[in-house]
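Since the structure comes first, as structure tokens, the remarks are kept for the end.
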Amino acid sequence: FDNILKAIGSARRIGVTSHARPDGDAVGSAVAMGMMIQEKGKEVAVINSDPVPESLKFLPGAELIKKPEKGGEFDLVIILDSADKVRVGKDFWEAVEGLKLLINIDHHVSNTCYADVNYVDADSPATGQIVYQLAKYAGWSITPDVAKNLYAAISTDTGGFRYPSTSAETMRIAGELIEIGVDVGDINQRLYENYPRRRVEMLQYLLEGMEISEDGRFASVELPRIVSEQLNLQTGDTEGAIDTIRSIDSVIVAVLFEELSDGMIRVSSRSKNKKYSVGDICAEFGGGGHTLAAGARLAGPIESARVEFMSRVAEHMSPK
């Protein structure tokens, strides 16, 4: 943490960003970091190539996140929760000029350590947990608003503290954030029980087209672009959808294929068993992540991408 704090202390204008299509960990970590650095008297811009999902706009400070604007000059840029430069989005890199120093703070085991200063803790379940630890180490003030963002970051990336990556330290941190001022009932209701109708209709479509292997151990769903447009889906609407498939009792590996506006296919995969690493499978397709949660991008069309990826899943899960 010392190198990170030294860089922050020396910088005047600081940019804070995270991966495009931001989830709870990306939004919560970036807003919390931005707020705490700003409190130190720094000029801070919190940026993301994509808008904050509607489901996360309730977080205090979410409005701080702006689209990248060309001509943005920073002494320092801090990238949170992004395993590589590409995930930040080309809009960000096209906008940033005169960048002097880049810091990478992340928890993905597939992180490429692409920055001048890299802090990657693959044992941490969320980047929000690392940001909390940095704040405690630095002696920064964690206000109730910062606490809410960090709680949302950690909670969403641990599946509501259900995933195996959740540690005793994670629960201790959550407890401290609650003591600072997080209303657990309110924030959980907003995070997990506040979906727009279009998202439920999306889930209906996915379930109707779900394919499950003969032995019931792996399942997949696909979301064509035309369906996303018909339902008017927004950024973040697909977050957590895969958990519905993953929750089937016999399913060990669940995969969601989503066709993006550029024709590429976004693959989101989850595993219940470390023996079957979706991180390894995604790495074969140029992606990555964790053993139990990983992603990749494949060329379309969506049907062939699904067949190609699921064939590899079947091979990976076949008896050796």
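Bear in mind these aren't lab numbers, they're just calculated from the coordinates by the rules spelled out. As the structure is a computational prediction, the values presented were derived from the model and not from experiment. Quick reminder, even Gly has a Cβ in these numbers, built from the backbone with ideal geometry, and neighbours come from all protein chains shown.
Remark: region 42-178 carries a charge dipole of roughly 220 debye about the Cα centre, counting +1 on each Lys and Arg Cβ and -1 on each Asp and Glu Cβ. Using θ = phi - 60° in the Karplus curve 6.51 cos²θ - 1.76 cosθ + 1.60, the 3J(HN,Hα) couplings for region 97-103 round to 10, x, 5, 9, 8, 10, 10 Hz; x is entered for Gly and Pro. A cut-off of 5 Å between modelled amide H atoms, ignoring neighbours fewer than 5 places along the same chain, links Val16 with Ala45, Val46, Ile47, Ile78. Each Cα pair under 8 Å and six or more residues apart adds its sequence gap; the mean of these over the residue count of region 124-182 is a relative contact order of 46 percent. If all Cα-Cα distances of region 199-320 are sorted into 10 Å bins from 0 onward, what percent lands in each bin, rounded to whole numbers? Binned Cα distances yield the sequence 14, 50, 32, 4, 0.
For the chain, which semi-axes, largest first and in whole Å, follow from the square roots of 5 times the eigenvalues of its Cα gyration tensor?
Over the Cα atoms of the chain, the semi-axes work out to 32, 21, 19 Å.
Where both bridge residues fall in the chain, DSSP classifies roughly 40% of the beta bridges as antiparallel.
Classify region 30-163 as rounded, prolate or oblate from the Cα gyration tensor: take a ≥ b ≥ c as the square roots of its eigenvalues, call it rounded if a/c is under 1.5, otherwise prolate when a/b beats b/c and oblate if not.
Values: a/c = 1.36, a/b = 1.22, b/c = 1.12.
The shape class here is rounded.
Dipole magnitude for the chain: computed about the Cα centre from +1 point charges on Lys and Arg Cβ and -1 point charges on Asp and Glu Cβ, it is near 400 debye.
For Gly89, the residues whose modelled amide H falls within less than 5 Å of its own, excluding neighbours fewer than 5 places apart on the same chain, are Ala20.
In straight-distance terms, cross-link reach from Lys6 covers every one of the lysines whose alpha-carbon lies under 19 Å from its own, apart from those fewer than eight places away in the same chain; here that gives Lys40, Lys42, Lys100, Lys136.
Site pair Asp249 and Trp93 shows an inter-label distance of 4.8 nm when each label is modelled 7 Å from Cα along Cα→Cβ. Rounded to whole numbers, the Karplus 3J(HN,Hα) couplings from phi for region 217-222 are 8, 9, 9, 9, 9, 9 Hz, using 6.51 cos²θ - 1.76 cosθ + 1.60 with θ = phi - 60°, and x at Gly and Pro.
Between Arg312 and Glu208, take the C-beta separation as r, use R0 = 22 Å, and let me know the FRET efficiency to the nearest 0.05. The computed FRET efficiency comes out at 0.35. With θ taken as phi - 60° and the Karplus curve 6.51 cos²θ - 1.76 cosθ + 1.60 applied, the whole-hertz 3J(HN,Hα) list for region 59-64 is 5, x, x, 4, 5, 5 Hz, x standing for glycine and proline. In this simple spin-label approximation, Ala122 and Tyr195 carry label points 7 Å from Cα along the Cα→Cβ vector, and these lie 3.2 nm apart.
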